[in-house]
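Colleague: Have a look at the structure that comes next, please.
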Amino acid sequence: MFARAAASAAVIVTLAAFDGAVAQTTSQPPDTMAARVEACTPCHGNKGEGTSDVYFPRLAGKPAGYLYNQLLAFRSGRRKYPPMNYLLEFLPDPYLEAMAEYFASEHPPLPQSAPSEVSKEVLAQGELLATSGDAGRNIPACVSCHGPGLTGMQPGIPGLLGLRAAYVSAQLGAWRYGTRTAKSPDCMQLVAGHLTEADVTAVAAWLATRPAPANPAPVPKGTYALPFGCGSQPN
Amino acid sequence: MGSKLSIALLSIKLLALAALATAAQAQDKAQGKTGDIIARGEYLARAGDCTACHTAAEGRLFAGGRPMPTPFGTIYTSNITPDPETGIGKWSADDFYRTMHNGRFPDGGLIYPAMPFASYTKVTRADSDAIFAYLRSIQPVNQKNKPHELRFPYDNRQLILGWRTLFFREGEFKPDPTKSAEWNRGAYLVEGLGHCGMCHSPINALGGTSQSDAFKGGLIPMQNWYAPSLTSNREAGLGDWSIKDITDLLQTGVSMRGVVYGPMAEVVHNSLQYLNDEDTRAMAVYLKGIAEPSPPPPASSTLPTTESSLLISLGKTVYDKNCASCHGTQGEGKPPHWPPLANNQSIEMQSAVNPIRMVLNGGYPPGTKGNPMPYGMPPFAGLLSDNEVAAVVSYIRTAWGNRGTPVSARDANELRSAPLN
């Protein structure tokens, strides 16, 4: 009888020890998107606010549809940047969607706009193109698609604020040379095809000087009509 | 008379109806059988990972056209949809079997060994027929094959004859009667359709693998990832892994012992995650079985001792600041999602290529049915100098009882330019 009780006690002690061991070895990372996207943070910041590297863009607060399209384009190699292509290659659509929604829902403050290194004349040219376009050269104003406040429109059109001139200029260059493309009709490629190098410098510089708006959120879908068809923003 | 005639007519009608019913049943049965063969073919095509090469990025399924960089130039994969002009629509099951089994086109032409026919030769006729039936059933795509861009003299297909003499042994898989049915099934999948030896064997200058070096590991040409040996427990030998850890790794991409990354992430993503539990287990049993215990690695480093100890001491600082929050101060990790680094063969093995690349490039294990939202490792290429990368890799290769050797800043620097895709 005593032996049996002792044996039972031993079993209980063993089980308790075993439970402890299991609890220890099954200590898991937090079951959150923040923990899952840590691979993004060295370049894009902890909450997608961007880092000191001027070529890595802010992701936070951009429309989820836009971010998802970019993730798909990087995964398939349509948008080329080997470190991104490599990271995303074997991730399924629903996961990319969740990543896009995560960064879209983050709202760290926009950075202070940096003083520009270009002349007043160049900034004035940038402002003119961004706000009025140049009908003679078939260049629509940036605001006609990216919104009067340049904060973008749900679900597919990104805001243009909080980005450094170097990034915007590199992207516009990539659209012009056809190394960055999007779903047909590829509206940005059409627009960028009409820009000169000087236009790109001017627009990128002016955009980077814009102060943060009171409400940086992208406006709801259909708030305004687009001037032409756009594969990334189907009607 | 009248009634007799009606009875006769009725009988004929009944007989006819019965015959129709039987014919319909037979047809149903035949269709069911064909459906089964196609489904089996699809499964086997997954096991052979045909899509990894025969489907291009944003391209149609199995329409080919994917560029495959090789040390000899670029090969473009072929259209294997049933399109009669540009695909395999005019092929017979015999033609398909000859291609799989003997590496020759229906007209007898030689196929470049980038197509793993040296492994596929082990596939049975029945399995080859099932894969063919499946490929016949998919959407045909009219897309011409792109000509290869191979440098002289490799553009001469006759050279393949030499390669075949040296490295190709034709023949279906022969089960080993001394082993279990499960072991043999695993061997059939690993050596045949799985074509694991294409990467996990040293590739010599002639682009071939000698039989005696099968599964002994090697640097994958053009990709600069090291495919570890499957026979040495010092590398990816699975001798001291539990069957569950092996099947977890193959099916979900993560396990309590480590995760898959680099080219192996592709294999799990496109192929292994689709295999059923029995086949995955069979592969695990076989892989565990072929691992040969190895003597402890020679702890020889090309680096002078003083340089090594400086590196390792800097490495601990880098590790505690950047890595310990996930991988733990003792390298214990939080498996399966944050892999342990202590007693992790992939960190300790003689080639330091993979740990250096993981630090530089980071990476996600594949998203699989069993692990649809994997945790990722951040890339540190932009945050750490060559010296810091070398230091932290030297540290994790030697700390906590790990028996790897230190690496130099030069080793780290060379891998910064390694191709990422």
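Colleague: Taking only the stretch B:327-358 into account, find how many residues are without any contact (Cβ under 8 Å) to a residue 24 or more places away in the chain, facing chain A (nearest Cβ under 10 Å) and not small (Gly, Ala, Ser).
Modeller: 2
Colleague: Considering each residue of the stretch A:51-70, count those that are within 10 Å of chain B (Cβ to nearest Cβ) and assigned to a helix (DSSP H, G or I), and give that number.
Modeller: 0
Colleague: Here's something else I'd like to know. On the given criteria, is B:Asn322 polar (S, T, N, Q), at pLDDT 95 or above and within 30 Å of B:Pro175 (Cβ to Cβ)?
Modeller: When the stated conditions are applied, B:Asn322 does not pass them.
Colleague: Okay, next question. For the stretch A:121-199, which fully contained helices (runs of 4 or more DSSP H) count at least 2 residues that are of a type in the set (S, T, N, Q)?
Modeller: Working: elements: A:143-146, A:165-177, A:187-193.
Of the helices (runs of 4 or more DSSP H) lying wholly inside the stretch A:121-199, those with at least 2 residues that are of a type in the set (S, T, N, Q) span A:165-177.
Colleague: From B:Ser351, B:Ser346, which residue is at pLDDT below 95 and in contact with a strand residue (DSSP E or B) (Cβ under 7 Å, 6 or more places away or on another chain)? Please lay out each step first, then the result.
Modeller: Details: B:Ser346 fails: in contact with a strand residue (DSSP E or B) (Cβ under 7 Å, 6 or more places away or on another chain).
Step by step, each of B:Ser351, B:Ser346 is checked, and only B:Ser351 is at pLDDT below 95 and in contact with a strand residue (DSSP E or B) (Cβ under 7 Å, 6 or more places away or on another chain).
Colleague: Anything in the stretch A:27-50 that is more than 9 Å from chain B (Cβ to nearest Cβ) and either on the phi > 0 side of the Ramachandran plot or assigned to a loop (DSSP other than H, G, I, E, B) (or both)? List them, or say none.
Modeller: A:Pro30, A:Asp31, A:Thr32, A:Gly45, A:Asn46, A:Lys47, A:Gly48, A:Glu49, A:Gly50
Colleague: Take the conditions more than 23 Å from B:Met198 (Cα to Cα), of a type in the set (Gly, Ala, Ser) and at pLDDT 95 or above and apply them to B:Ser137. Does it pass? Write out each step before concluding.
Modeller: Values: more than 23 Å from B:Met198 (Cα to Cα): yes; of a type in the set (Gly, Ala, Ser): yes; at pLDDT 95 or above: yes.
Yes.
Colleague: Can you name the condition, by its number, that B:Arg410 falls short on among (1) without any contact (Cβ under 8 Å) to a residue 12 or more places away in the chain; (2) away from chain A (no Cβ under 14 Å)?
Modeller: (1)
Colleague: Sticking with this one: Filtering the stretch B:304-326 down to residues that are within 11 Å of chain A (Cβ to nearest Cβ) and buried (at least 17 other Cβ atoms within 10 Å of the Cβ), which residue is nearest to B:Gly382 (Cα to Cα)?
Modeller: B:Asn322
Colleague: Here's another thing I want to ask about it. When you scan the stretch B:359-393, how many residues do you find that are in a helix (DSSP H, G or I), surrounded by fewer than 24 Cβ atoms within 10 Å (Cβ to Cβ) and away from chain A (no Cβ under 14 Å)?
Modeller: Matching residues across the stretch B:359-393 total 2.
Colleague: Same structure, new question: Report yes if A:Asn85 is part of a helix (DSSP H, G or I) and free of Cβ contacts under 8 Å to residues at least 12 places away in the same chain, otherwise no.
Modeller: So A:Asn85 fits the description; yes.
Colleague: Could you check the stretch A:71-82 and list, in sequence order, the residues that are in contact (Cβ under 8 Å) with a residue 24 or more places away in the chain and part of a loop (DSSP other than H, G, I, E, B)? Please lay out each step first, then the result.
Modeller: If we filter the stretch A:71-82 for residues that are in contact (Cβ under 8 Å) with a residue 24 or more places away in the chain, which is where we start, we get A:71-73, A:78-80.
Within the stretch A:71-82, A:Arg78, A:Arg79, A:Lys80 meet the criteria.
Listed here are the residues, each with its yes/no results for (1) closer than 21 Å to B:Ile37 by Cα; (2) buried (at least 19 other Cβ atoms within 10 Å of the Cβ).
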position	(1), (2)
B:Asp95	yes, no
B:Gly108	no, no
B:Arg164	no, yes
B:Phe168	no, no
B:Lys174	no, no
B:Pro177	no, no
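Colleague: Next question, about the same structure. Looking only at the stretch A:90-120, which residues are in a loop (DSSP other than H, G, I, E, B) and either touching a helix residue (DSSP H, G or I) at 6+ places or on another chain (Cβ under 7 Å) or within 14 Å of chain B (Cβ to nearest Cβ) (or both)?
Modeller: At the first step, the residues of the stretch A:90-120 found to be in a loop (DSSP other than H, G, I, E, B) are A:90-92, A:105-119.
Residues satisfying the conditions are A:Phe90, A:Leu91, A:Pro92, A:Ser113, A:Ala114, A:Ser116, A:Val118.
Colleague: Quick one: how many residues across the stretch A:216-230 are exposed (fewer than 13 other Cβ atoms within 10 Å of the Cβ) and closer than 12 Å to A:Gly152 by Cβ?
Modeller: 3
Colleague: Test each condition in (1) buried (at least 21 other Cβ atoms within 10 Å of the Cβ); (2) over 28 Å from A:Gly45 (Cα atoms) for B:Ile396 and report the one that comes out false.
Modeller: (2)
The values are calculated or read from the model by the stated rules, or taken from the named source; none is laboratory data. Nothing here was measured: the structure is a model prediction, and the numbers come from that model. Cβ sites come from the backbone with ideal geometry, for glycine too, and all protein chains shown count toward neighbours.
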